[in-house]
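Here the structure is laid out as structure tokens; the discussion comes afterwards.
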Amino acid sequence: CFWLDEAEPEYGPYDFDNYRYYAGPALQCTNTYPVGYAKGFYEGLKAEGEKEVMSLVRCAWAGSQKYGVLTWSGDIYSSFRSMREQLQAGLSMGMAGIPWWTSDIGGFLGGQIDKPEFQELLVRWFAWGAFCPVFRMHGERSPWYEREEEFRNGVRQLTSGLTSGQDNEVWSFGEDNYEILRKYLFIRERLRPYVRKCMEEASNSGAPVMRPLFYEFPKDAECWNVEDSYMFGSDLLVSPVMEAGAAERRIYLPAGCTDAYTKKEYEGGQYVTVPAPIDIIPVMMREGCDYPIYNE
């Protein structure tokens, strides 16, 4: 597999009307570049005998899914606003026919690992990541520091001008946070059979793995207005906590369901407010479903 970072033309000045390609003016054809980029790797690997090709890319366009792309949303900022924007990006990507999508959990830029406000963001984002098509953490953590030393001709010397980000493993953000992140690693593992079922459906029919509510409930008018919750497959309604300091979450329920955390049953067609402490992301299971989320 290849990580095809920067899978798009990156410009200095954004004077797009000045750029030209063989295929035409930039304003006419630039967005198709990522498709050709992925296609080149796909066809090249196939020619070398590879049977299953997948490329991690930060840019895609209609048709990219034909070439085994797994798209992530690029070098985003570490903030709750950015997290909210990623939910919209992921849903849009799925509806565009590209089911494999992910974001840099915690954001890529600006996250200082010893700051409580960043740790809160990371924990909330990580819990959401467990209910994304691809569960993946990445980021350029701060504060930056100079790499301490290197050996040159057997002599230990300080390096000059080289810097490195901070640690980014699940145990890098404090013991309490580690236990929460660890919990969601195991939640994702317990959901492996369900995730595989969702992926098989995406492969067979093109159904997105993460879906706007209206995809599952097109006749419910309110579902067309909900932008902060989504369906993870057909059975799980997921409502990420995307506000700092929140301890509860207001959710629209289009159909009868059970809260995976409290086990409380609800009727559909209403808004409810449910508890959302720092270690819980509200997840509703459709009526008749039971998945091992908060119960092992």
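The values are calculated or read from the model by the stated rules, or taken from the named source; none is laboratory data. Treat the numbers as computed from the prediction; the structure is a model and nothing was measured. Every residue, glycine among them, receives a Cβ derived from its backbone with ideal geometry; neighbour counts consider all protein chains shown. Quick note on the areas: whole protein, heavy atoms, side chains included, nothing else; ligands and nucleic acids left out. Shrake-Rupley method; radii C 1.70, N 1.55, O 1.52, S 1.80 Å.
Residue 176 meets the conditions (1) out of contact with any Leu (no Cβ under 8 Å at 6 or more places or on another chain); (2) open to solvent by less than 90 Å² (accessible area, probe 1.4 Å); (3) at pLDDT 95 or above; (4) more than 23 Å from residue 72 (Cα to Cα) in every case but one. The failed one is (2).
One residue alone among 84, 58 is open to solvent by 10 Å² or more (accessible area, probe 1.4 Å), modelled with pLDDT of 95 or more and over 21 Å from residue 198 (Cα atoms), and that residue is 84. Quick one: which of 13, 9 is in contact (Cβ under 8 Å) with a residue 24 or more places away in the chain, assigned to a loop (DSSP other than H, G, I, E, B) and over 29 Å from residue 199 (Cβ atoms)? It is 9. Listed by first and then second residue, the pairs linking a residue in segment 77-91 that is within 15 Å of residue 229 (Cβ to Cβ) to a residue that is hydroxyl-bearing (Ser, Thr, Tyr) and open to solvent by 30 Å² or more (accessible area, probe 1.4 Å), with Cβ atoms under 6 Å apart and 6 or more places separating them unless they lie on different chains, are 86/73.
Looking at this structure, is residue 284 in a strand (DSSP E or B) and either open to solvent by less than 60 Å² (accessible area, probe 1.4 Å) or farther than 23 Å from residue 85 by Cβ (or both)?
Considered against the rule, which asks whether it is in a strand (DSSP E or B) and either open to solvent by less than 60 Å² (accessible area, probe 1.4 Å) or farther than 23 Å from residue 85 by Cβ (or both), residue 284 comes out as yes.
Look at residue 7 and say whether it is small (Gly, Ala, Ser) and either under 16 Å from the mean Cα position of the chain (by Cα) or surrounded by 20 or more Cβ atoms within 10 Å (Cβ to Cβ) (or both). Judged against the criteria, residue 7 is a match. So, in segment 67-81, of the ones that are touching a helix residue (DSSP H, G or I) at 6+ places or on another chain (Cβ under 8 Å) and part of a helix (DSSP H, G or I), which residue ends up farthest from residue 243 (Cα to Cα)? So the residue we want is 67. Cβ-Cβ distances below 8 Å connect the following pairs, each with a first residue in segment 125-144 that is touching a residue at least 60 places away in the same chain (Cβ under 8 Å) and among the basic types (Lys, Arg), a second residue that is outside any helix (DSSP H, G or I) and surrounded by fewer than 23 Cβ atoms within 10 Å (Cβ to Cβ), and a separation of six or more residues or different chains: 136/102.
Among residues that are more than 21 Å from the chain's Cα centre (by Cα) and modelled with pLDDT of 95 or more, residue 150 is not included. Could you tell me which residue of segment 16-41 is farthest from residue 68 (Cα to Cα), considering only residues that are of a type in the set (Ser, Thr, Tyr) and without any contact (Cβ under 8 Å) to a residue 24 or more places away in the chain? Here the residue is 19.
Looking only at segment 287-296, residues that are without any contact (Cβ under 8 Å) to a residue 40 or more places away in the chain and open to solvent by less than 80 Å² (accessible area, probe 1.4 Å) come to 1 in all.
Identify, from the list 92, 79, 103, 73, the residue that is on the phi < 0 side of the Ramachandran plot, open to solvent by less than 20 Å² (accessible area, probe 1.4 Å) and polar (S, T, N, Q).
103
Taken over segment 229-244, residues that are in contact with a helix residue (DSSP H, G or I) (Cβ under 7 Å, 6 or more places away or on another chain) and of a type in the set (Asp, Glu) amount to 1. Hey, can you tell me all the residues within segment 16-60 that are under 20 Å from residue 72 (Cβ atoms) and assigned to a loop (DSSP other than H, G, I, E, B)? Passing the criteria: 52, 53, 54, 58, 59, 60.
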